[in-house]
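Structure record follows, encoded as structure tokens.
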């Protein structure tokens, strides 16, 4: 029997999964790490935490499974997108990584737009300048920490730093590199025009490969730490969203994924470059050769429920330890007792600003419509519904762009919740299904590694072989009508509060 490994380097932790070639999970391991917020709107992590979690979890899955490392035919890496890792000439990390949800770079986004031009920037990179993307983070370091920038020799994304530690090779691939805002998305390579106008040395960047290409192999040093065989092939891999899409079978038209992890993403496949001229959703290279994807993002999706859990659900956490169940299961049971629509309680999930459709780093989370009648269970459900409203924003734009939506596949931690899936079915007025594997990103990059190593003939063939439907939930007609009414209120709330979000941000900035 042959095996494949997928490593998902996420925001809250790294998960490594060992699969057989039929896509069955043999063993898995997770190691968590912190996210630091030195100021409101900032978000940083230590790259060494990612590497420590990666080699330890690889070692653990091999040890637990008892699989002979010689039978492991390839490794794929998935990673949180947009993070900035800076190395010096000795390949040492220069500063903590500024990660995807950091919102400090509004001025740098204005600078990028001025240097390149708003329309030209979208034409080349398929997206407007965004605080979440890597390019603005590079400029922020150059503008605010020039002594650090002067030492830069390499600029890497999170998973590509882990690749370097695993293999000793500098490499990236098209799906993750698309989110740096330094690529020509149609040509699937670095944009000399963007790099020249932003004065970023192309030598700082790693070579770009297609996602399934074997770009490197496990080094002897890493083999000792991981128990892998030296020389085990490592595929290009993918950004976490493209990886999750592969793991969900989003490799053909009409099939959409709705993923609720720390962030929330609505993801659609396209075989041509399709760009929203307003820049509300992102167009990136897909991890399938010569295809692209459209992606709408909610910054604080699962993060919103985690925030609520950590601050208001002490009883549920304590009970879950005693009962040996996931606290989110108990929270979901409570939320299900609240009425759909929460009797007018509406949550805006803008804990880390927002991307789709507002592109607003100053937006903040809001509970609107609280009355003395509302309870904690109403607040719980309103958080889940608010994330659903935000994801519906993305889906409506994707439909507006002419993308066919026949089926929605739910995934991520939120996809495990029957209630959250039903809320999405009702909001989208679409069937929502789950598949046989819940290991989306890890499975996706394991598939890519399998294609690169010759285990499968193509990504599409691999998905057809290993992915099967498990559950299907239809929308509730009564809830559709109710949610449509509340959705109109939800959309208007941002417009009503936009100026106040900025006013509060200005007050905070002057008091730092």
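Miscellaneous remarks
- Residue match in the range 45-60 (condition: in the same structural domain as residue 149 (by TED's automatic domain parsing), under 22 Å from the mean Cα position of the chain (by Cα) and on the phi > 0 side of the Ramachandran plot): no
- Verdict on residue 301 being farther than 21 Å from residue 258 by Cα, buried (at least 17 other Cβ atoms within 10 Å of the Cβ) and touching a residue at least 40 places away in the same chain (Cβ under 8 Å): no
- Filtering the range 13-31 to residues that are closer than 26 Å to residue 83 by Cα and surrounded by fewer than 18 Cβ atoms within 10 Å (Cβ to Cβ) leaves 13, 30, 31.
- Search result, residues across the range 188-224 that are closer than 21 Å to residue 116 by Cβ and under 23 Å from the mean Cα position of the chain (by Cα): 188, 189, 190, 205, 208
- Filtering 114, 70, 92 for residues that are in contact (Cβ under 8 Å) with a residue 40 or more places away in the chain, surrounded by fewer than 24 Cβ atoms within 10 Å (Cβ to Cβ) and more than 20 Å from residue 357 (Cα to Cα) leaves a single hit, 70.
- Residue in the range 135-144 that is surrounded by fewer than 24 Cβ atoms within 10 Å (Cβ to Cβ) and out of contact with any helix residue (DSSP H, G or I) (no Cβ under 6 Å at 6 or more places or on another chain) present: yes
- Given (1) assigned to a helix (DSSP H, G or I); (2) assigned by TED's automatic domain parsing to the domain that holds residue 76, index of the condition residue 457 fails: (1)
- Among the helices (runs of 4 or more DSSP H) confined to the range 152-210, the ones with at least 3 residues that are surrounded by 24 or more Cβ atoms within 10 Å (Cβ to Cβ) and at pLDDT 95 or above are located at 158-167, 174-177.
- Residue list for the range 234-262, restricted to those being in a strand (DSSP E or B) and buried (at least 24 other Cβ atoms within 10 Å of the Cβ): 234, 235, 238, 239, 256, 257, 258, 259, 260
The values are calculated or read from the model by the stated rules, or taken from the named source; none is laboratory data. In this text, all values refer to a predicted model and were calculated from it rather than measured experimentally. Every residue, glycine as well, gets a Cβ built from its backbone with ideal geometry; the counts of neighbours run over all protein chains shown.
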